[in-house]
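First comes the structure, then the notes that go with it.
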Amino acid sequence: MSSEVSHSRPSFQNTALRERAKRVVPGGMTGHLNAALLPAGYPQFFERGQGCHLWDVDGNEYIDFMCSWGPNLLGHHHPEVEEAVRRQHAQGDCLNGPTARFVELAERFVERTAHADWALFQKNGTDATTVCLMVARAATGKRKVLVAEKAYHGADPWCTPIPVGITPEDRAHLIHYTYNDVASLEAAAQQAGNDLAAIVCSAFKHDLRVDQELPTPEFARRARELCDAAGAALIVDEVRAGLRVHAGGSWETVGVRPDLSAWSKSIANGYALAAVTGVEALRDAATRIYTTGSFWQGGVAMAAGLATLEVSQRDDVVSHIARLGQRFRDGIAAQSASHRVTVRQSGPAAMPLILFDDDASLKKGAAFTVETLRHGVYLHPCHNMFFSLAHTERDIDLALQATDSAFAVVASRYGQC
């Protein structure tokens, strides 16, 4: 690796902070950012980020291929976003009502989102997916919601993947189908009968630890047809994929438009913001529901969102990350063949997942990513990763030097195919 990337310093600060956190935070850390769920060697605490680089609290530098688990679409501290934030912060953030940025951002979302006639704003992806369900139920007067098995739509009781602390009643009106399986979707709709309020679909199948699947046109069209026939709402969860697959909405790639979309993560380049966009027919229902949050209308995040939308469109982020993602994917494929260690690459090239064959325990994946960490490259062993506007061809090539070493470690430790 280049001397520009430092790594492998002792983890004194990280270790000390983990011990301190255990005393005052249940489990030491909660949620998906809990590094205890990752292989030993991953840092938990970070000091700063710039562009596509991160530094942990011990000074180790990494080329970042998680982008804060998605939010950093343009890279850490993008200058235009930070300038918009600075200007708005000087004027005010949390006031007695929203700033003008509220209207401006809604206008921009409606302008650029293919299906949208209106927008509502929240703070987190879970907020947005839950608001989508509320709008659908208010519009239809019905209860049943179809969701894909093992799909992640947030951390509220209706959708959390962890059942601890919830009751069966929290999910009493959910019916499951298999993503991209038309027959299973039809069976779920039949089970809902005349009580179908909505079908919820991820932009693509991005479940943890399994191969990703882009939506097939047949599946997407059938979801649209079933909703139309039942008077139900088709909801696409864009929280993870929004602004990364297609500028106007991920399902534009399969020629199907939803009634509602839930957005978050990348729409404000790391500032806390979520959105729901919807069609005209659901405007009245969106008006009648009651949802709110003390910080939902904060001006700073909306200023960041406006700048993010402008830069992402002007600089064609979708094409940039797709091109670099394919460069990375091609390099991994060549190294896999060279080292005779078989991997499966799936999902959009801009949001790659790498899984090893014969690796149900993820030991190969862990060995691979821990080795790349040693070389200053932060990858994930079983979750889709993310590219940003800040990544360059040089970053990809440096990362491929690290993965070449990591393939050699896996081949030596676990054998070749």
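The values are calculated or read from the model by the stated rules, or taken from the named source; none is laboratory data. Only a predicted model underlies this, so the values are computations on that prediction, with no experimental measurement involved. Every residue, glycine as well, gets a Cβ built from its backbone with ideal geometry; the counts of neighbours run over all protein chains shown.
When you check SER336 against the structure, is it among the hydroxyl-bearing types (Ser, Thr, Tyr) and closer than 27 Å to CYS132 by Cβ, yes or no?
no
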Considering only residues that are in a loop (DSSP other than H, G, I, E, B) and under 21 Å from the mean Cα position of the chain (by Cα), look in the range 89-118 and name the one that is surrounded by the fewest Cβ atoms within 10 Å (Cβ to Cβ).
-> ALA114
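Only one residue in ALA116, ALA90, ALA35 is in contact with a Phe, Trp or Tyr (Cβ under 7 Å, 6 or more places away or on another chain) and not assigned by TED's automatic domain parsing to the domain that holds MET351. Which one? Let's see the steps before the verdict.
Numbers: ALA90 fails: in contact with a Phe, Trp or Tyr (Cβ under 7 Å, 6 or more places away or on another chain); ALA35 fails: not assigned by TED's automatic domain parsing to the domain that holds MET351.
On inspection, the qualifying residue turns out to be ALA116.
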In the range 211-308, which strands (runs of 3 or more DSSP E) lie fully inside it and hold 2 or more residues that are modelled with pLDDT of 95 or more and surrounded by fewer than 16 Cβ atoms within 10 Å (Cβ to Cβ)?
-> none
Residue satisfying condition, being touching a residue at least 40 places away in the same chain (Cβ under 8 Å), of a type in the set (Asp, Glu) and out of contact with any His (no Cβ under 7 Å at 6 or more places or on another chain), within set GLU82, GLU104, GLU61 | GLU104
Find the residue count for the range 348-372, including only residues that are of a type in the set (A, V, I, L, M) and under 14 Å from LEU400 (Cβ atoms).
-> 1
Report the residue count in the range 37-58 for those that are part of a loop (DSSP other than H, G, I, E, B), of a type outside the set (Phe, Trp, Tyr) and more than 22 Å from ARG394 (Cα to Cα).
-> 8
Please work out if ARG48 is under 30 Å from ALA274 (Cα atoms) and at pLDDT 95 or above.
-> yes
Considering each of LEU74, LEU54 in turn, give the residue that is touching a Ser or Thr at 6+ places or on another chain (Cβ under 8 Å) and buried (at least 19 other Cβ atoms within 10 Å of the Cβ).
-> LEU74
Selection count where residues are touching a helix residue (DSSP H, G or I) at 6+ places or on another chain (Cβ under 9 Å) and among the polar types (S, T, N, Q), scope the range 203-244 | 1
Considering each of ALA390, ALA304, ALA402 in turn, give the residue that is in the same structural domain as ARG244 (by TED's automatic domain parsing) and in contact with a Gly (Cβ under 8 Å, 6 or more places away or on another chain).
-> ALA304
Unique residue being touching a residue at least 24 places away in the same chain (Cβ under 8 Å) and buried (at least 21 other Cβ atoms within 10 Å of the Cβ) when the list is ALA402, ALA411 = ALA402
Residues within the range 138-196 that are in a helix (DSSP H, G or I) and either free of Cβ contacts under 8 Å to residues at least 12 places away in the same chain or out of contact with any Pro (no Cβ under 9 Å at 6 or more places or on another chain) (or both), tallied | 19
